[in-house]
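As structure tokens, the structure follows; a few thoughts come after it.
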Amino acid sequence: MCTVIIRVPEHSAHPTRLLAIRDEDPARPWNPLGRWWPEAHDGVVGVRDVRAGGAWLAADEDAGRLAVLLNRADVTDRRESELVSRGGLVLDSAAGLPPAADPRTHGFNLVEVDASGARLRTWDGVALKTAELAPGTHMIAHDDVDDLGTPRIAAWLDAFRATSLDEGDRWWMPWVDVLAGSAALESTDDRAIIRDNRPYGYPTLSLLACAASVGPDGVDVRYGELHEPGHWGAGPDFT
């Protein structure tokens with residue numbers, strides 16, 4: 001179950017900051033941040049799911065758009081054979097294309113950021129909803145934005161909100177410090193952000209993170225992998 005922390009500025013002259021932590025099955029191969037779609041999505045950089053070909057996170061640096069996907073429970077009555085991968089939604093969003101009104105996918109939370117601000121699109125198999133994210137700091141996991149019924153959000157949202165982000169090249173470090181503090185919890189703790197979800201019936205562990213800045217000056221995305229899935233250790237080395 002991935003986690004996104006996002007800070008939306010009061011004024012569009014300032015960038016939106018985002019830190020996204022990816023939980024996935026380590027046995028499911030991926031490509032790190034790169035330009036993996038030169039024909040269909042020229043200019044898009046992202047983290048590619050090798051099996052399905054889509055993206056977990058993607059950005060069009062020239063257009064100033066970024067999108068990242070989190071799974072969400074759904075109540076779809078479609079058969080698995082009728083469903084398609086959610087990764088294509090991320091590439092479409094980076095290209096400026098919103099999801100269809102009735103997506104043929106499992107449920108999702110799709111975070112979209114551009115120079116005008118940020119929004120969250122949610123799909124639960126019945127209704128596709130869109131909500132603009134108000135200025136301030138928010139957390140998103142597998143339920144609603146800032147949902148205090150999600151233990152990791154209840155435990156850490158205030159800490160992320162209390163940070164003053166740096167203005168330099170490594171602006172994300174105060175948030176990384178909060179992540180490092182959260183890693184004192186066992187990765188199976190409901191409150192943990194760096195996670196091992198296997199005891200809950202999911203083969204997923206926290207694998208990597210991306211830090212992104214989106215604003216009038218364009219998009220800057222940094223990528224780093226954990227040295228051991230599900231364990232913070234020294235944290236990712238963002239490049």
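Do any strands (runs of 3 or more DSSP E) lying entirely in the range 1-119 carry at least 1 residues that are of a type in the set (D, E, K, R) and farther than 24 Å from ALA192 by Cα, and which ones are they? Let's see the steps before the verdict.
Details: elements: 3-8, 16-24, 30-34, 44-49, 55-60, 65-71, 108-114.
Ranges flagged: 44-49, 55-60, 65-71, 108-114.
List every residue pair whose Cβ atoms lie under 9 Å apart, where the two residues are 6 or more positions apart in sequence or sit on different chains, the first residue falls within the range 103-114 and is within 11 Å of VAL4 (Cα to Cα) and at pLDDT 95 or above, and the second residue, located anywhere, is charged (D, E, K, R) and surrounded by 22 or more Cβ atoms within 10 Å (Cβ to Cβ).
These pairs meet every condition: LEU110/ARG86.
Can you name the residue in the range 126-135 that is within 17 Å of the chain's Cα centre (by Cα) and of a type in the set (A, V, I, L, M, F, W, C) and is also surrounded by the most Cβ atoms within 10 Å (Cβ to Cβ) among such residues? Give the steps one after another, and end with the answer.
Residues of the range 126-135 within 17 Å of the chain's Cα centre (by Cα): 130-133.
Those still in the list that are of a type in the set (A, V, I, L, M, F, W, C) too: 131, 133.
On the way: ALA131: 12, LEU133: 21.
Filtering the range 126-135 for residues that are within 17 Å of the chain's Cα centre (by Cα) and of a type in the set (A, V, I, L, M, F, W, C), the one surrounded by the most Cβ atoms within 10 Å (Cβ to Cβ) comes out as LEU133.
Could you grab me the full set of residues in the range 37-48 that are of a type outside the set (A, V, I, L, M) and crowded, with 22+ Cβ neighbours inside 10 Å? It would help to see each step written out before you state the result.
Narrowing the range 37-48 to residues of a type outside the set (A, V, I, L, M): 37-39, 41-43, 46, 48.
Across the range 37-48, the qualifying residues are GLY46, ARG48.
Could you list, ordered by first residue, the pairs with Cβ atoms under 8 Å in which the first is in the range 136-147 and in contact (Cβ under 8 Å) with a residue 40 or more places away in the chain and the second is aromatic (Phe, Trp, Tyr), at least 6 apart or interchain?
THR137/PHE160; MET139/TRP156; MET139/PHE160
Please pick out the residue among SER164, SER182 that is within 17 Å of ARG17 (Cβ to Cβ), hydroxyl-bearing (Ser, Thr, Tyr), modelled with pLDDT of 95 or more and over 15 Å from the mean Cα position of the chain (by Cα). Spell out how you get there, then give the answer.
Working: SER182 fails: within 17 Å of ARG17 (Cβ to Cβ).
After ruling out the rest, the residue left standing is SER164.
Look through ASN71, ASN31 and report the one residue that is in contact with a Cys (Cβ under 8 Å, 6 or more places away or on another chain) and closer than 26 Å to GLY230 by Cβ. Write out each step before concluding.
Details: ASN31 fails: in contact with a Cys (Cβ under 8 Å, 6 or more places away or on another chain).
Step by step, each of ASN71, ASN31 is checked, and only ASN71 is in contact with a Cys (Cβ under 8 Å, 6 or more places away or on another chain) and closer than 26 Å to GLY230 by Cβ.
Please work out which one of (1) part of a helix (DSSP H, G or I); (2) farther than 27 Å from VAL50 by Cβ is the condition THR188 fails and give its number.
Unmet for THR188, out of (1) part of a helix (DSSP H, G or I); (2) farther than 27 Å from VAL50 by Cβ: (1).
Could you grab me the full set of residues in the range 72-87 that are among the β-branched types (Val, Ile, Thr), surrounded by fewer than 10 Cβ atoms within 10 Å (Cβ to Cβ) and more than 13 Å from GLY125 (Cβ to Cβ)?
Taking the range 72-87 as the starting set, the residues that turn out to be among the β-branched types (Val, Ile, Thr) are 75-76, 84.
Remaining after also requiring surrounded by fewer than 10 Cβ atoms within 10 Å (Cβ to Cβ): 75.
Scanning the range 72-87 gives no hits.
Just for the range 136-160: of the residues that are in contact with a Lys or Arg (Cβ under 7 Å, 6 or more places away or on another chain) and under 17 Å from ASP177 (Cα atoms), which one is surrounded by the fewest Cβ atoms within 10 Å (Cβ to Cβ)?
Among residues in the range 136-160 that are in contact with a Lys or Arg (Cβ under 7 Å, 6 or more places away or on another chain) and under 17 Å from ASP177 (Cα atoms), the one surrounded by the fewest Cβ atoms within 10 Å (Cβ to Cβ) is ALA155.
Pairs under 7 Å by beta carbon, first residue over 20 Å from CYS2 (Cβ atoms) in the range 73-101, partner β-branched (Val, Ile, Thr) and at pLDDT below 95, six or more apart or different chains?
VAL75/VAL126
The values are calculated or read from the model by the stated rules, or taken from the named source; none is laboratory data. All figures in this text were calculated on a predicted structure; none of them were measured in a lab. Note that we place each Cβ from the backbone using ideal geometry, even for glycine, and neighbour counts take in every protein chain shown.
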